[in-house]
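The values are calculated or read from the model by the stated rules, or taken from the named source; none is laboratory data. Every value quoted in this text rests on a predicted model; they were computed, and no experiment measured them. Cβ placement follows ideal geometry from the backbone for every residue including glycine, while neighbour counts extend to all protein chains displayed.
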Amino acid sequence: MMKSAAASLALVLLVAGSALAQDKEKKAPAKPVAAAATSTEDRYVGYYYPKPTSSETFESTLQTIAGVDRPQRVQFVTVISQGTLQAAYRVPYAVFVKGEKADKLIVVGLQRGELDTVFRQRALLANMTTMARLSPFFQEHTVAEDATFFDLLKILGFSSVTVTDGDKSTHQVIVK
């Protein structure tokens, strides 16, 4: 699964990278800021996930790539989803995008107990960082060993990522 998802992620990032450009200056690593408030009007609460039980804000030093818009974010998430659907085994989560600008990434656990703590949710996000670091696009547009999946989301114009077990636990990261 890791190879398949990494290959899918690399493919979409390569496509995005060939169509878009960003300043290649090496940036200082981004620093997360814990305990941020969630949006007071989150229309997806109660439909796709329960009210967030934890949240944080991630402030990236990277800039969103000029010209990235809704279609590129939808394509990015479609390729990630395809990778999970084509895996040799059943991936225990679904990945999709929502919002008028398709700038809200949502990950929902499909198996009881898989993503039921903030620590497991953060571990999944850490795995996504590992997959992103393997892509040529990520290596070209960031300092790959310092940048994270949240930095990738920032350069693609995402405003948040929400990870839930689909039952009681939801962690939301606001990306700035």
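Is region 82-100 home to any residue that is buried (at least 16 other Cβ atoms within 10 Å of the Cβ), among the charged types (D, E, K, R), at pLDDT 95 or above and in a helix (DSSP H, G or I)? The answer is no, given that none of the residues of region 82-100 is buried (at least 16 other Cβ atoms within 10 Å of the Cβ), among the charged types (D, E, K, R), at pLDDT 95 or above and in a helix (DSSP H, G or I).
When 64, 53 are checked against the criterion of being in contact with a helix residue (DSSP H, G or I) (Cβ under 8 Å, 6 or more places away or on another chain), at pLDDT 85 or above, more than 22 Å from residue 122 (Cα to Cα) and not aromatic (Phe, Trp, Tyr), a single residue qualifies: 64.
Exactly one residue out of 114, 41 is out of contact with any Leu (no Cβ under 8 Å at 6 or more places or on another chain), of a type in the set (Asp, Glu) and free of Cβ contacts under 8 Å to residues at least 24 places away in the same chain: that is 41. Residue 102 satisfies every condition listed in (1) among the small types (Gly, Ala, Ser); (2) over 10 Å from the mean Cα position of the chain (by Cα); (3) farther than 21 Å from residue 51 by Cα except (3). The residues of region 105-158 that are among the acidic types (Asp, Glu) and under 22 Å from residue 52 (Cα atoms), listed by number, are 114, 116, 151.
Considering only residues in region 113-138 that are small (Gly, Ala, Ser) and in a helix (DSSP H, G or I), the one that is nearest to residue 167 (Cα to Cα) turns out to be 123.
Here's the yes/no breakdown for (1) surrounded by 16 or more Cβ atoms within 10 Å (Cβ to Cβ); (2) part of a loop (DSSP other than H, G, I, E, B); (3) aliphatic (A, V, I, L, M):
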position	(1), (2), (3)
71	no, no, no
76	yes, no, no
111	no, yes, no
140	no, no, no
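Just one of the numbered conditions (1) at pLDDT below 85; (2) of a type in the set (Gly, Ala, Ser); (3) out of contact with any strand residue (DSSP E or B) (no Cβ under 7 Å at 6 or more places or on another chain) is not true of residue 36: (3).
Restricting attention to region 117-126, the residues being within 14 Å of residue 150 (Cβ to Cβ) and touching a residue at least 40 places away in the same chain (Cβ under 8 Å) number 3.
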